[in-house]
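First the structure, in the form of C-alpha cells, and then the observations on it.
The values are calculated or read from the model by the stated rules, or taken from the named source; none is laboratory data. Please read these numbers as outputs of a predicted model, since none were measured by experiment. When we count neighbours, we look across all protein chains shown, and the Cβ atoms used for this are built from the backbone with ideal geometry, even at glycine. Protein only, heavy atoms only, side chains kept; ligands, DNA and RNA dropped before computing areas. Shrake-Rupley method; radii C 1.70, N 1.55, O 1.52, S 1.80 Å.
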Amino acid sequence: MRSFEVRTPRRVAFVDITAQVTAAVEGHGEGAAVVYVPHTTAGVTINENVDPSVRADLEMALERLVPSDLPFTHLEGNSDAHTKASLMGSSATIPLAGGRLQLGTWQGIYLAEFDGPRTRRVLVSVLAAP
Amino acid sequence: MRSFEVRTPRRVAFVDITAQVTAAVEGHGEGAAVVYVPHTTAGVTINENVDPSVRADLEMALERLVPSDLPFTHLEGNSDAHTKASLMGSSATIPLAGGRLQLGTWQGIYLAEFDGPRTRRVLVSVLAAP
Amino acid sequence: MRSFEVRTPRRVAFVDITAQVTAAVEGHGEGAAVVYVPHTTAGVTINENVDPSVRADLEMALERLVPSDLPFTHLEGNSDAHTKASLMGSSATIPLAGGRLQLGTWQGIYLAEFDGPRTRRVLVSVLAAP
C-alpha cells in the first residue's frame, strides 16, 4: 500500500490527484487500484480532467444540494461536509491493465474536500487479477 | 479485463447491463467484479431489477436533485450530467462466489446515462480472493 | 466470503457495522475488503464514528435531498428509498494492510437503511494484493 498527502486550498475544492495515483501503481500489472480517503469530511470522485469550470460547477452544485445552513445538530458545524463526503464516497476503484490505470480520455481522479483547507492523506491499494 | 458497448436511448436513462456483466465474469471463482464506466457524464449503479417504474423514478429524482438550469459556467452545458455522474459513481464492485455475482434477488446493474443518447463503453475487471 | 445480518431500527437509520466487518476480515493480510449490501433500499457508507449527531444529521439531510413525497410512480411507495440507496452506493471498499482495515481515526462503516425497520444481510469479500 502506498500513501501520499494533499494540501487542499479552500473549504470546498476538488483537487486533481491523478498524477500521484498513477505514480503509486507503477509497475503493477492486471487488476485494479483502490484510491481511499481515510477522512469523514472529504471523499474521492472521478470526473472531467480538462475544463476547470466543471470542477467549479461540481462544487457549486454540491453546495446547493447540501447547504451548510440546514438545521443540523452536530456542534462542530460541519455536518454538510460529512453528508457531501458520503455522497461522493470514500473510495474510487479503477481497473489496471498492462500496468496502466484504465481511466477514460476525459477522466481525472479528484480528492473532494468539503471542510478545508487541510492536509489530507490518500491511500492507494493495488488488487490482483486471478 | 473485458469490455462491451451500450447504446443509451435518451439524455437521462438507466440501462440494464446485468446480462453483459454476468457473461464477462463467467468462469471466474472467488473474489469480486469491478464494473467501470470510463466516461464523465455517465456512471454505474445497482438498483431494483423488476419494476421499470423504479428506474423512471430514479431518473426523475436525479433531475430534481441537480436541475440542468442551475447557474453553471461550463460552456458545454452538461455540468448537471457531470454532477449526477459523480453522485452515482464510476464503478460498482460486486462480490463473486462460486463463479457467480452475489447480487441480491432484486438487484440489477445499471449504466446511468446523463448526457445521451450515446454509445458508452463499460469495463469489467475481475479481482482475486487471497 | 463472509456474511452477517443486521436488524435496523427505523425507516431511515445509519447502523454501525464496523465491529462485524472487522471480525470478518480477521486473519487476512494485504489487499482490500469489500462490504456489500445485496438490497435495493439500503446502502453502505463510511462516516464519522464518534458523535451520533452526525448520523442524525446525515439522515435528515438525505430526507431533504430526496423527500418521500416527490411525484413518484412506483406503486410500492418506496422510490425515495431506492434513490437514497443509489446515492450512498451498494458497496464500500477499504484497504487492508497487516491484516487490519485501514479506516481513518474517525471513520466507521454504516449500513444505510432507507426502508426499515428490516433485517438486512451484509457480505464481506476480501481481495488479494498482487
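Worth pointing out:
- Equivalent ellipsoid, chain A (semi-axes from 5 times Cα gyration tensor eigenvalues, Å): 28, 15, 12
- Loop-exposed GluC sites (Glu not before Pro) per DSSP, neighbour cap 16 Cβ within 10 angstrom, longest uninterrupted part of chain B: B:77-130
- Per DSSP, loop trypsin sites (Lys or Arg not before Pro) in the stretch A:1-63 with at most 14 further Cβ within 10 Å: A:Arg10
- FRET efficiency estimate (nearest 0.05) - Cβ-Cβ, A:Ala23 to B:Thr119, R0 30 angstrom: 0.40
- Percent accessible area from carbon and sulfur atoms, chain B, protein chains only, probe 1.4 Å: 49
- Three-way shape label, the stretch A:27-100, alpha-carbon gyration tensor, a/c 1.5: oblate
- Ascending list, in nanometres, of distances separating the C:Gly77 label from those of the other copies (7 Å, Cα toward Cβ): 4.1, 4.1
- Take A:Ser53, push a point 7 Å out from Cα through the beta-carbon direction, and compare it with the same point in every other copy: 4.1, 4.1 nm, smallest first.
- Per residue, in Å², the accessible surface of the protein assembly as shown once ligands and nucleic acids are set aside, probe 1.4 Å: 37
- The protein assembly as shown - mean residue ellipticity at 222 nm from DSSP helices (-39,500 (n - 2.57) per run, n ≥ 4, rounded to 500): -7000 deg cm²/dmol
- Shortest-first distances to equivalent copies, position C:Pro9, nm, label 7 Å out along Cβ: 4.4, 4.4
- Pairwise centroid distance, computed over Cα atoms, of the stretch A:12-84 with the stretch A:111-130, Å: 9
- Area hidden from solvent between B and A (accessible, protein heavy atoms only, 1.4 Å, total, Å²): 2400
- Listing of the stretch A:86-119 residues, each with accessible area lower by at least 10 Å² in the full protein assembly than in the chain alone (probe 1.4 Å): A:Ser86, A:Leu87, A:Met88, A:Ser90, A:Ser91, A:Thr93, A:Pro95, A:Ala97, A:Gln102, A:Gly104, A:Trp106, A:Gln107
- Per residue of A:26-35, other chain Cβ atoms within 10 Å of the residue Cβ number 5 on average.
- For the stretch A:116-130, the Karplus equation 6.51 cos²θ - 1.76 cosθ + 1.60, evaluated at θ = phi - 60°, returns couplings of x, x, 8, 9, 10, 10, 10, 9, 10, 10, 9, 10, 8, 6, x Hz by residue, with Gly and Pro reported as x.
- Global geometry of the protein assembly as shown, whether rounded, prolate or oblate, following the gyration tensor of its Cα atoms and the 1.5 cut on a/c: rounded
- Within-9-Å neighbourhood charge of C:Gly116 [Cβ basis; K, R +1; D, E -1]: +3
- Options C:Ser79, C:Val54, B:Tyr36, ranked by Cα towards positive dipole end of the protein assembly as shown, top entry (Cβ charges): B:Tyr36
- A 1.4 Å probe, protein heavy atoms only, puts the accessible area of B:Thr119 near 70 Å².
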